[in-house]
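Below is one structure; the comments refer to it alone.
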Amino acid sequence: AALIKSVCKTKALHQVVRCYSSSVPTTKLFIDGKFVESKTSEWLDIHNPATNEVIGRVPKATQEEMLAAVDSCSRAYHSWSETSILSRQQIFLRFQQLIKENLRELAKLITLEQGKTLADAEGDVFRGLQVVEHACSVTSLMLGETLPSITKDMDIHAYRLPLGVCAGITPFNFPAMIPLWMFPMGMVCGNTYLLKPSERVPGCAMLLAKMLQDAGAPDGTLNIIHGQHDAVNFICDHPAIKAISFVGSNQAGEYIYKRGCKNGKRVQSNMGAKNHGVVMPDANKENTLNQLVGAAFGAAGQRCMALSTAILVGEACSWLPELVERAKALRVNAGDQPGVDVGPLISPQAKARVESLIQSGVNEGATLLLDGRNVQVKGYENGNFVGPTILSKVTPQMKCYTEEIFGPVLVVMEADSLDEAIGIVNKNPYGNGTAIFTTNGATARKYMHEVDVGQVGVNVPIPVPLPMFSFTGSRASFRGDTNFYGKQGIQFYTQIKTVTSQWKAEDATLKSPAVTMPT
Ligand code: NAD
């Protein structure tokens, strides 16, 4: 308890969202504007990934609690959707200010629960904050359309209106950014929102809920439940929930997409990835190697946009020794330690999985140029650390290539030409992100046009668009029709109502019933 309280200068916030009556603090639920202790008998431990010490517990919400949360969303919907758009905008303007003021405190909590470095955790909050800022443009984003005089005295208006209760289910790797992709966009459009954060990192979402309440969001407009499969099934099945936003693994995402759609809901599902960085021999070597190493090993590779596969083309294959040297120089340590580059993985299970995928590469004939297994971190001997690892001579059939590793492991392939590299990328089932490194405009243009991936970087290793655009992963990385945030996010959280109206002058009154189809 002391450890958790010490991470935050705004201790009052922590005391609202957690209960400190037992030896390990418990995470509360947020139901109908109140932070309440769950009555469940089932709890999950939250660990500090750098030490594996238990730092808190999170409840598996009971059926009754989940029903209370969704009922609260339903009750709040009418008045929230009727609240003026300017008032909703003002609440989110205050919310973004509170996030800015507490950015460092949120980041400290992310490092504690998730493990990433403090600087990276600040980036996590910042990229979410940008979505909140974007949501504040709702007065432009939600504009409808009109066409006057479609016939005599008749006009058509199209309004964008909210859907009702929407829900979000989030992963462990971005405890601030991904919840902030969801409820601010949904709520600013007039929907009420039920959030189920990752059970491994629930703290940040709870602090955000407190800030939103302090910004003036009425009771019931946001509710938060905790749990795993039962909570997910509840969201997929409850008839009051009209739309589900999911971000996480393919296993969960495919399941939620099918179950939610079967129940008549809109579902947008962002899932796993295998992102390729294609390195042309004409690239700026210094920049490319630094970008590649940063994007492969940053956040310990636990990013859906991590550049986890490098395809070296032609002469660029000779850059491998320098790539290895740069990766070797990265400092592995607990996320709050000075100078750290690579923090721990989320759990001992994740560490064991990553290590076994490294071994599978070796067994299948890849060359282990840098081995991060058995890395020792002084003072953090029980942490889930894996150091930067590089496997070369990887082929498309190897398990270390076919599976998303989600750890600090770069697999390296070689290609003789740009066409061969494009062929490799397009044969991979995932389409989340990719980057090409080149100084040749024609090469870059060919790549961006021919590669079948949703987010393409040209000399930009992690091409996640700013929120005025959308997060456009494709193929096996996405299910649904409309992406997160940007214009597509507004589209996801709204429906269109068209009104056709005729105001005739009195002397134009119909003389008889119009029985034919109006044209
Ligand atoms: P995860 O799928 O294990 O968990 C995500 C959420 O789904 C959690 O809230 C969890 O409680 C729930 N869940 C987990 N397993 C479930 C199941 N079998 N059935 C129903 N619900 C289930 O994902 P994670 O490990 O937290 O996150 C890592 C994954 O998320 C990686 O695959 C990563 O690529 C992906 N991700 C994708 C994006 C993107 O935008 N494409 C962004 C971040 C992370």
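For region 24-29, putting each phi into the Karplus relation 6.51 cos²θ - 1.76 cosθ + 1.60 with θ = phi - 60° gives couplings of 10, x, 10, 7, 7, 8 Hz, in residue order, rounded to whole numbers and with x for Gly and Pro.
Before rounding to the nearest 500, sum -39500 (n - 2.57) across all DSSP H runs of length at least 4 in the chain and divide by the residue total; then give [θ] at 222 nm in deg cm²/dmol. Write down the numbers at each step before the final one.
Numbers: 18 runs with 198 residues, N = 519.
Calculated mean residue ellipticity at 222 nm is -11500 deg cm²/dmol.
By the gyration tensor of its Cα atoms, with a ≥ b ≥ c the square roots of the eigenvalues, what is the shape of region 67-144: rounded for a/c under 1.5, prolate for a/b over b/c, or oblate? Oblate, since a/c reaches 1.5 and b/c is not below a/b. Note that the chain presents 41 Å² accessible area per residue, ligands and nucleic acids not counted, probe 1.4 Å.
Working from label points 7 Å from Cα in the Cα-to-Cβ sense, the I150 to Y20 distance is 6.1 nm.
Partners of K497 within straight-line reach, counting aspartates and glutamates whose Cα lies under 15 Å from its Cα and excluding those fewer than 8 residues away in the same chain: E145, D155. In this simple spin-label approximation, R353 and Q63 carry label points 7 Å from Cα along the Cα→Cβ vector, and these lie 3.0 nm apart. Principal axis analysis of the Cα atoms in region 39-96 yields extents of 47, 30, 11 Å, listed in decreasing size.
Give the ranking of R200, R445 by solvent-accessible surface, highest area first, calculated with a 1.4 Å probe. Numbers along the way, then the final one.
On the way: R200 100, R445 135 Å².
Largest to smallest exposure gives the sequence R445, R200.
Grouping the Cα pair distances of region 120-249 into 10 Å bins from zero gives a pair-distance distribution of 12, 39, 29, 11, 6, 2, 0 percent in increasing distance order. A simple charge model with +1 on the Cβ of Lys and Arg, -1 on the Cβ of Asp and Glu and nothing else charged puts the dipole of the chain at about 800 debye relative to its Cα centre. Evaluating 6.51 cos²θ - 1.76 cosθ + 1.60 at θ = phi - 60° for every residue in region 498-514, the Karplus couplings come out as 9, 10, 10, 10, 10, 10, 7, 5, 4, 6, 9, 5, 4, 8, 8, x, 8 Hz, glycine and proline recorded as x. Taking the 1.4 Å solvent-accessible surface of the chain as the whole, the part contributed by carbon and sulfur is 53%.
Based on the Kirkwood radius over alpha-carbon pairs, what is the Stokes-Einstein translational diffusion coefficient of region 1-134 at 4 °C with 1.567 mPa s viscosity, in µm²/s?
Taking Rh from Cα pairs, D becomes 77 µm²/s.
Remark: spin-label model distance A119-K378 equals 2.1 nm, labels positioned 7 Å along the Cα→Cβ axis.
Charges only on Cβ, +1 for Lys and Arg, -1 for Asp and Glu: so what's the dipole of region 87-169 about the Cα centre, in debye to the nearest 20? Walk me through the numbers on the way to the answer.
Working: 9 positive and 10 negative charges, 21 e Å.
Charge dipole of region 87-169: 100 debye, to the nearest 20.
Here's the list of lysines a cross-link from K100 could span, going by alpha-carbon distance under 27 Å and ignoring same-chain residues fewer than 8 apart: K5, K9, K11, K28, K34, K108, K116, K196, K210, K487. Here the relative contact order of region 32-147, from alpha carbon pairs under 8 Å that lie six or more residues apart, stands at 24 percent.
Ranked highest first by the average count of other Cβ atoms within 10 Å around their residues, in what order do 23-32, 322-331 fall?
Per-residue mean Cβ counts within 10 Å order the peptides as 23-32, 322-331.
The share of C-alpha pairs in region 339-483 whose separation exceeds 26 Å stands at 37 percent. Reported to the nearest whole Å, the Cα centre-to-centre distance from region 147-192 to region 373-404 is 41. When the square roots of the Cα gyration tensor eigenvalues are ordered a ≥ b ≥ c, the ratio a/c for the chain is 1.5 or more and a/b does not exceed b/c, which makes its shape oblate. In this structure, the amide hydrogen of V278, modeled 1.01 Å from its nitrogen in the peptide plane, lies closer than 5 angstrom to those of I311, A435, I436, F437, counting only residues at least 5 positions away or on a different chain. Residues in region 460-472 carry Karplus couplings, in order, of 10, x, 10, x, 7, x, 5, x, 6, 9, 10, 7, 10 Hz; the curve used is 6.51 cos²θ - 1.76 cosθ + 1.60 with θ = phi - 60°, and Gly or Pro positions show x. Ranking R94, R475 by solvent-accessible area of protein heavy atoms (1.4 Å probe, all protein chains present), from largest to smallest, gives R94, R475.
The candidates Y255, Y20, arranged from most to least accessible area with a 1.4 Å probe in the full protein assembly, appear as Y255, Y20. Per-residue SASA remark: H47, around 70 Å² accessible (1.4 Å probe; ligands, DNA and RNA not included).
Label point of T83 set 7 angstrom out along Cα-Cβ; within region 15-40, amide nitrogens under 18 Å from it belong to 30-35.
Average projected area of the Cα convex hull of region 266-380, in nm²?
9.9 nm²
The values are calculated or read from the model by the stated rules, or taken from the named source; none is laboratory data. Because the structure is predicted, anything quoted here is derived from the model rather than measured. All Cβ positions, glycine included, derive from the backbone under ideal geometry; neighbour counts span all protein chains shown. In case anyone asks, the SASA skips ligands and DNA or RNA and just uses the protein heavy atoms, side chains included. Shrake-Rupley method; radii C 1.70, N 1.55, O 1.52, S 1.80 Å.
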